[in-house]
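Taking it in order: structure first as structure tokens, then the write-up.
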């Protein structure tokens, strides 16, 4: 005769005489795990503050400290509550020695079977140690700009420009472009009709560059004065005049490039220079019945 499932569950529970004592011990186990986790979180916060102070206000130190803190926070949580679960099973009368021995065997099996997981963990470790990118950095992954919101040893959470959240296993990163390190430079190309006087066009763009460099509101946001590089290309209908701005990581370089493009366009218009070749559109009459268009 088959034993009902609920009777099997009852055999796993402590005897009624020891139920109160077992409940107290389980509650103490949860309290101790909670306190140990809080103590670990305190050490993680101290580690983060120490890393920031030791960095001496270098660029990227705060982001790296935040990333390390997130990873150790997750590690403390996993260790504290995994230990609490094992101890709770022992309190309930289970023999946890085979469980611990089996965990070692499972770990070896995972090393062979879960190679993707191991690869992600190793890649996450090297990303952290080599400080390739951290929380808050603007990165390009597969041609898509995103902000790093969270990192663990296994996966990185990215927030795209459109607000979508992407979860990328660390082992999947092949080439990552970090736009948040030290400085950024953008070039600004202004089209000018090929039949215009390029000397006058360059002088107009020089005025735009000098005006941006002289503006106190923009001078403080640039690491170096904006530059006029000259004629970048000559096509059949138009020429490209190139300027460049260099700023710190973040949105300043994009804002400065837009401002320089606006000033360059206005300077060309003020000098009476056509910004780009005129476009002509020829419209042919519709073909009648039986006619070949």
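Only one of 212, 222, 228 is more than 18 Å from residue 265 (Cα to Cα) and either assigned by TED's automatic domain parsing to the domain that holds residue 137 or surrounded by 17 or more Cβ atoms within 10 Å (Cβ to Cβ) (or both); which?
Step by step, each of 212, 222, 228 is checked, and only 222 is more than 18 Å from residue 265 (Cα to Cα) and either assigned by TED's automatic domain parsing to the domain that holds residue 137 or surrounded by 17 or more Cβ atoms within 10 Å (Cβ to Cβ) (or both).
Name every residue in region 130-166 that is without any contact (Cβ under 8 Å) to a residue 24 or more places away in the chain, closer than 23 Å to residue 117 by Cβ and in a loop (DSSP other than H, G, I, E, B), in order of residue number.
Selection gives 130, 142.
Given the structure, is residue 59 surrounded by 17 or more Cβ atoms within 10 Å (Cβ to Cβ) and either outside any helix (DSSP H, G or I) or at pLDDT below 80 (or both)?
Answer is no for this residue.
If you go through region 17-48 one residue at a time, how many are more than 14 Å from residue 91 (Cα to Cα) and either outside the structural domain of residue 86 (by TED's automatic domain parsing) or modelled with pLDDT under 75 (or both)?
Residues meeting the conditions: 1.
The values are calculated or read from the model by the stated rules, or taken from the named source; none is laboratory data. These figures come from a predicted structure and were not determined experimentally. We place every Cβ from the backbone using ideal geometry, glycine too, and count neighbours over all the protein chains shown.
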